[in-house]
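Trainee: Here it is: the structure, laid out below.
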Amino acid sequence: MTGTAPSRPLEFESLEPEEQLRRSREFLQRMRRRRTVRDFSSRPVPYELIENAIRVAGSAPSGANQQPWTFVAISDPGTKRRIRIAAEAEERVSYESRMSDEWLAALEPLGTTWRKPFLEVVPWIIVVFRQAYGLSIDPESGEERRFKHYYSEESVGIAVGLLLASLHLAGLATVTHTPGPMKFLAELLGRPANERAFVMIPVGYPAPYARVPRISKKELGDILLRITPEESQESQNSGFADAGHPH
Ligand code: IYR
């Protein structure tokens, strides 16, 4: 690499093939058990579990390594209550007038409504903010300067994926909640002008009576297209590259 940043040798953990397979299968099995939960208990969650998951999220790759995210972790009951009241007010308008019939029909299997009691029951709410642009202080003038953030949506999306995986691996349940429009969150949490609420993640343990819809994930064949030498267009057309390949 020839960048201008100081560099050091990569520390890359080389695994034996058996160990690679073992870890890959184990991770797959664990992640397949993740479910969105909407009925939570108030059982407390130690802060370190939240903090470590946010550290994992903060390790995500991002456009030009700008790390355009802020995570606000809330356990304060008063703040959770204010979030619930504001979220339910927005959600009520959404469910009653903003969402199309098509959208409401798509949500029917999930049984969601504008009521969000979980926002007060859960021990933690993590609100993820996307920094639409960066802010720095000009050392000469002391003035605030804006600078462009590249791929901030993609970057924050990746970080949230790692966050959800990490919370699940720590034995915690989550719901990815987007009470649109989410402008109230930046106001309520006193975030600066460059931050936009991206997603809200209530975190805790499921209530003993929690149920989840029997939904399924798409089959691999519906989400994966494989282009190997055997399956490429070229080999299909030439009949040469796949000589001896039994179809
Ligand atoms: N934000 C609303 C509606 C909602 C929308 C989708 I798309 C979902 O997958 C689930 C809910 C709510 O949180 O209820």
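Trainee: Mind checking the per residue accessible area of the chain for me, 1.4 Å probe, whole number of Å²?
Mentor: 68
Trainee: Follow-up. Would you work out the relative contact order for region 38-175, in percent, from Cα pairs under 8 angstrom that are 6 or more residues apart?
Mentor: 40
Trainee: I would also like to ask the following. Compute the FRET efficiency between E144 and T79 as 1/(1 + (r/R0)^6), taking r as their Cβ-Cβ distance and R0 = 22 Å, and round to the nearest 0.05.
Mentor: 0.25
Trainee: Given all pairs of different Cα atoms, what value in angstroms does the Kirkwood hydrodynamic radius of region 1-115 take?
Mentor: Its Kirkwood hydrodynamic radius stands at 19.7 Å.
Trainee: May I pose another question? Tell me what the chain gives for mean residue ellipticity at 222 nm when only DSSP H runs of n ≥ 4 count, each as -39,500 (n - 2.57), the sum divided by the residue total, rounded to 500 deg cm²/dmol.
Mentor: Counting only the DSSP helices, I get -10500 deg cm²/dmol.
Trainee: Express the C-alpha Rg of region 104-158 as a ratio against the empirical globular expectation 2.2 N^0.38 Å, rounded to two decimals.
Mentor: For region 104-158, the normalised Cα radius of gyration comes out at 1.90.
Trainee: May I ask you to derive the relative contact order of the chain, considering only C-alpha pairs under 8 Å and at least 6 residues apart, and to give it as an integer percent?
Mentor: 28
Trainee: Compute the acute angle (0 to 90°) between the alpha-carbon long axis of helix 47-57 and the principal axis of greatest extent of the alpha-carbon atoms of the chain; round to the nearest 10°.
Mentor: 50
Trainee: Using the Kirkwood radius over C-alpha pairs as Rh, can you work out the diffusion coefficient of the chain via Stokes-Einstein at 4 °C, viscosity 1.567 mPa s, in µm² per second?
Mentor: Taking Rh from Cα pairs, D becomes 60 µm²/s.
Trainee: Anyone know which of I215, I54, I126 comes out most mobile in the 10 Å Cα GNM of the chain?
Mentor: Checking each option, the largest mean-square fluctuation is seen for I215.
Trainee: Choose one answer from L135, L220, L21: the residue with the largest mean-square fluctuation in a GNM of the chain with alpha-carbon springs under 10 Å.
Mentor: Residue with maximal mean-square fluctuation among L135, L220, L21: L220.
Trainee: For a quick check, take a GNM of the chain with Cα springs below 10 Å and name the residue from S94, S155, S232 with the largest mean-square fluctuation.
Mentor: Residue with maximal mean-square fluctuation among S94, S155, S232: S232.
Trainee: How long, wide and thick is region 97-226, going by the Cα atoms along their three principal axes, in whole angstroms, largest first?
Mentor: 60, 45, 37
Trainee: Cα to Cα, under 22 Å, and not fewer than 8 places away if on the same chain: which lysines meet these conditions relative to K80?
Mentor: Hits, sequence-local ones excluded: K116, K183.
Trainee: For region 2-49 and region 128-175, write down the distance between their C-alpha centroids in whole Å.
Mentor: Going from one Cα centre to the other spans 19 Å.
Trainee: Could I ask something else about it? Students often check this: by mean Cβ neighbours within 10 Å, which of 156-162, 36-42 ranks highest, and how do the rest follow?
Mentor: So the peptides 156-162, 36-42, ranked by packing, come out 156-162, 36-42.
Trainee: Tell me the carbon and sulfur percent of the accessible area for the chain, rounded to whole percent, probe radius 1.4 Å.
Mentor: Within the chain, the accessible surface is 52 percent carbon and sulfur.
Trainee: While we're looking at this one, here's another question. If I fit a long axis through the Cα atoms of helix 17-32 and take the longest principal axis of the Cα atoms of the chain, what angle between them do I get, 0 to 90°, rounded to 10?
Mentor: 40
The values are calculated or read from the model by the stated rules, or taken from the named source; none is laboratory data. Being a predicted model, the structure only gives us computed values, none of them experimental. A quick note on method: Cβ atoms are made from the backbone with ideal geometry, for glycine too, and the neighbour counts reach across all protein chains shown. The area values use the complete protein model at the heavy-atom level, side chains included, leaving out ligands, DNA and RNA. Shrake-Rupley method; radii C 1.70, N 1.55, O 1.52, S 1.80 Å.
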